[in-house]
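Inspection log for the structure reproduced underneath, given as C-alpha cells.
The values are calculated or read from the model by the stated rules, or taken from the named source; none is laboratory data. Not measured: the values here are computed from a predicted model. As a convention, Cβ positions derive from the backbone with ideal geometry for all residues, glycine included, and neighbour counts pool all protein chains shown.
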C-alpha cells in the first residue's frame, strides 16, 4: 500500500462521530493517519475512505495546538484522545515513529489521556517514553475471528504480552471487545478467551473495557454478502435508525449481558461501557441508566479519578 505524507489542514482533532440516537462516550479523535495496512474484513474503512493508500501527517506542532484548544474548550472533563479511528494506532508506528512526540506531550501536559488503539502488538519502541497519561489498548477477539477475519493482525497471545509489558512500566491498558461477532459456539470461545486474558494481564490495571457488537454501513454489508463471509453474517440483522446494519436488539442485550457478567466474574471493579448503543440497551443489558453522552463522559471522569493518581484536581 502506497504511503503519502501530507501537510496538515483543517481540523485533525475532532469529536468521535458517534451515531444518531445512541449514547456517545465523548472520545476525541486525532486523525494523523488515514488508511490501514491490516485490512480486517469487517473494517468500516473498506467503504468509508474514498482514496487509495495511506496518508500520514507529521507536523506534530500543528496537532498539539489543536489538542491544547480542545482541552481548554472542555476543561470540565478529563478528555480522552485516540489515534485509532481512521487507522490502526500501532501498525505503522515502529517504522515511522508517529506517536513518540505525542506520548511525551500528554505526559508533560498531564491534563488528558492519549489512547493508542491497535491490533498490532509492537510496543517495545514506545516503552522508554510511555507514561501514565497514555493508554495502550488492544482489540480482543476469539481465535476464530482473528484467523478468519483479521489475518494480518498480531495473534491474541502477542497482544496480551504487549499489554503486560505496558503494565510493567506502571501504565494502564484498555481492552476493546469490538466487534463482537455472533456465531455458533461463540460463547465458549469468549469464555476461553477471558480465561486467557485474566491469566495474562493485571485486570486491576485495565482502565476501561468496551463492548460493541458487529455493525456496519449498508455498503459494507452488501460487500460482505458478495464475499460470502459466512461467519460474519450469521444471525439476524436489521437496518437501525442510524442507518447501520445491526443484530436484533434482543440479541444485543443478551450478548452484552453475558459478556458483562463474564468480565465482572474475573474482576468486579472493571469499568465496562458499550459502544454506539441506545440508552434502553444500556439499561437492560448492564442495568446502567444514561440519558445522553454527557452522562457517560461523567462516568469516565469518575473512573479515571478513582484509579489514576494524576487527575484529582480536574
Within segment 184-212, the count of residues that are farther than 30 Å from residue 171 by Cα, in contact (Cβ under 8 Å) with a residue 24 or more places away in the chain and surrounded by fewer than 18 Cβ atoms within 10 Å (Cβ to Cβ) comes to 2
Of the residues in segment 179-194, those that are in a helix (DSSP H, G or I) and either farther than 15 Å from residue 261 by Cα or in contact with a helix residue (DSSP H, G or I) (Cβ under 9 Å, 6 or more places away or on another chain) (or both) come to 186, 187, 189, 190, 191, 192, 193, 194
inquiry  = Please determine whether any residue of segment 110-126 is over 20 Å from the mean Cα position of the chain (by Cα) and without any contact (Cβ under 8 Å) to a residue 24 or more places away in the chain.
reply    = no
* Answer with yes or no whether residue 215 is surrounded by 15 or more Cβ atoms within 10 Å (Cβ to Cβ), touching a residue at least 24 places away in the same chain (Cβ under 8 Å) and within 22 Å of the chain's Cα centre (by Cα). => yes
When (1) in a helix (DSSP H, G or I); (2) modelled with pLDDT of 95 or more; (3) surrounded by 13 or more Cβ atoms within 10 Å (Cβ to Cβ) are applied to residue 108, the one that fails is (3)
Note on segment 77-91: residues surrounded by fewer than 21 Cβ atoms within 10 Å (Cβ to Cβ), at pLDDT 95 or above and part of a loop (DSSP other than H, G, I, E, B) are 77
Those strands (runs of 3 or more DSSP E) completely within segment 1-46 that have 1 or more residues that are touching a helix residue (DSSP H, G or I) at 6+ places or on another chain (Cβ under 8 Å) and within 22 Å of residue 275 (Cα to Cα) are 13-15, 28-30
Of the candidates 270, 259, 233, the one satisfying the condition of being modelled with pLDDT under 95, surrounded by 15 or more Cβ atoms within 10 Å (Cβ to Cβ) and touching a helix residue (DSSP H, G or I) at 6+ places or on another chain (Cβ under 7 Å) is 233
